[in-house]
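The values are calculated or read from the model by the stated rules, or taken from the named source; none is laboratory data. Source: prediction; values computed, not measured. Here the Cβ is made from the backbone with ideal geometry for all residues, glycine too, and neighbour counts use every protein chain on show. Protein only, heavy atoms only, side chains kept; ligands, DNA and RNA dropped before computing areas. Shrake-Rupley method; radii C 1.70, N 1.55, O 1.52, S 1.80 Å.
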Amino acid sequence: MSDNAPSTPVKAAQTEQEKTDFGFSQVEKTQKASLVANVFDSVAAKYDIMNDFMSMGVHRLWKRYTIDCAGARAGHKVLDIAGGTGDLTAKFSRLVGPTGSVTLADINLSMLKVGRDKLRDRGLISNIDYVQADAEALPFPDNHFDIVTMAFGLRNVTEKQNALNSIFRVLKPGGRLLVLEFSKPTSEQLSKLYDMYSFHVLPKMGQLVANDADSYQYLAESIRMHPDQETLKGMFEQAGFEQCDYQNLTGGIVALHRGYKF
Amino acid sequence: MPASALLTATLEQAINRVLPLDPDSAARLQALSGARLTAFVAPLPFGLSLSFSEQVDVHAVHEAPAEVVAALTEKDCCIQTSLSVLPELQQTSQLTRLIQQQKLTVDGELQIAQQVSALFQQLDIDWEDQLAQVTNDVIAHQAFTTGRQVHERVSSLLGTFSRTLGNAVVEEKQLAAHRLAVMHFNDSVSTLRDDVARAESRLEKLEQRLTKR
Ligand SMILES: C[S@@+](CC[C@H](N)C(=O)[O-])C[C@H]1O[C@@H](n2cnc3c(N)ncnc32)[C@H](O)[C@@H]1O
């Protein structure tokens, strides 16, 4: 785990040749990871701009709230899995200070590189490791991290339960997991409005700004396919997490799930 | 959407914009590097923490004060009080009583609170210079000669305030003085922002006058 070279990718063991969702399409399970990789290779360079543009800046508040709920302190070891361009990592790096450490892990090298360059430009280097890794098979020791965060990442993982199990393993007893992810709007009206936005406005914006309608179509579809609040909470519990709860943000467009390992 | 995130984002931006305007604040910030100050002011439903590095990170604390206190490190300070007590904090003679009545609690490293207060109290920003950078020197100068009275009044107010605080540190129990200082640092920030706003509006008027000529 060095600051300079992301370590080798770790592939999740996959045995059964079953189907899984890729947006609204059904694909072989073994294919999903590379399809997701294409999406993020394609959006990496414009990822930050598009985030601000599409969410009107609100994603920053969602992430900030996630950090507030993480309770990071000086000396903590934090894993930001599916950390992408490192928004959460940047904050954590300052909060845990020189006695702590933050590991920015992502399956996608393009995203990881954009993140690394961005954080370096901001002078944040000393306590950050960059690791290319699959959330389903984390290459870290058992009981290693105080906090694990996953923001807008779980949706893209092929076997979400594997990812939760893997995170549970690397968390220290007493540690907590925070998953920030698109979810199910709580009101019918908001839900309709949001569908219109994500299926009609969003891909067009993607086309206009990033010249990439397909990736943003995938984004909209993958959001719809993601388990709702209660289902995800159940998956947390199945992985072994305790005191699991979630909070709806912006009317449930996004939910922050939290669970502890004791 | 949690309002706390919006509040802390705004505070954080304001603080990190104002601090670099005083070249001396970098050194004070450096001295605080790695430190954290958490304040719980009831009935605010969450605490506020200031974490210091090369910048100031402001975050809402959703844990209970007891949890924060239990996890204090030697680079932490945690203060607890309530909104209704804030006005009383202005009278330094009341502070000892407030502590005894447990209306005010400080845990952890007191020096951090003191340094934080110094960081904001001792802000010395050359607004004229700041303005001159965005407009031309003549306009900035004129804006300031006309605006100076207001500006001086504000400065002298701030000065009195700092002296009161200074006295408090000397006269009162150390504990109490730190807390008073911390309670007021937000005030100082908003005073400074008012200052800028005032200077801006003076400048606008002057520009209008100049273009009319
Ligand atoms: C929408 S981005 C989120 C990035 C960042 N956390 C944020 O909130 O801005 C999703 C990220 O998940 C990563 N990802 C997808 N599948 C993954 C997996 N199985 N393991 C780790 N990361 C994965 C993608 O490469 C991408 O960088």
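Per-atom-type breakdown for chain A gives carbon and sulfur 53% of the accessible area (1.4 Å probe, protein chains only). Assuming R0 = 51 Å, what is the FRET efficiency of residue A:208 and residue A:245, from their Cβ-Cβ distance, to the nearest 0.05? Approximately 0.85, to the nearest 0.05.
The mean accessible area for residues of region A:168-248, using a 1.4 Å probe and ignoring ligands and nucleic acids, is 51 Å² per residue. Taking Cβ atoms as reference points and 15 Å as the exclusive limit, the residues near residue A:144 contribute a net charge of +1, counting Lys and Arg as +1 and Asp and Glu as -1. Work through the residues other than residue A:59 whose Cβ is under 13 Å from its Cβ and net out their charges, Lys, Arg +1 and Asp, Glu -1. Spelling it out: positives minus negatives among the neighbours equals -1. List residues of region A:180-222, by number, whose backbone nitrogen lies under 14 Å from a label position 7 Å along Cα→C-beta of residue A:49. From region A:180-222, the list is A:205-212. Mind telling me which of A:226, A:59, A:76 comes out most flexible in a GNM of chain A, alpha-carbon contacts under 10 Å? Ranking A:226, A:59, A:76 by mean-square fluctuation puts A:59 first. Length gained on full extension, residue A:172 to residue A:27: 48.7 nm, using 0.36 nm per residue less the C-alpha separation.
Anything over 21 Å Cα to Cα? Flag those among A:32/A:160; A:118/A:160; A:113/A:204, in the order listed.
Beyond 21 Å between Cα atoms: A:118/A:160; A:113/A:204.
Residue-wise HN-Hα couplings along region A:174-188, as the Karplus relation 6.51 cos²θ - 1.76 cosθ + 1.60 with θ = phi - 60° gives them from phi, are x, x, 9, 10, 10, 10, 9, 8, 4, 9, 9, x, 7, 10, 4 Hz; Gly and Pro carry x. Distances between every pair of Cα atoms in region A:44-160, grouped in 5 Å steps from 0 to the bin holding the largest one, split as 2, 12, 23, 25, 23, 11, 3, 0 percent.
Across region A:32-42, computed HN-Hα scalar couplings (Karplus, 6.51 cos²θ - 1.76 cosθ + 1.60, θ = phi - 60°) run 4, 4, 6, 5, 4, 4, 4, 4, 7, 4, 6 Hz from first to last residue, x flagging Gly and Pro.
R0 = 35 Å: FRET efficiency of residue A:224 with residue B:70, Cβ-based, nearest 0.05? The calculated FRET efficiency here is 0.25.
Normalising by the residue count of region B:3-121, find the relative contact order in percent from Cα pairs under 8 Å and 6+ residues apart.
Averaging sequence separation for qualifying contacts and normalising by length gives 25 percent for region B:3-121.
Shape class for chain A: rounded, because the ratio a/c of the largest to smallest gyration tensor axis (alpha-carbon atoms, square roots of eigenvalues) is under 1.5. Which of rounded, prolate or oblate describes region B:3-121 when judged by the alpha-carbon gyration tensor and an a/c cut-off of 1.5? Because a/c hits 1.5 or more and a/b exceeds b/c, region B:3-121 counts as prolate.
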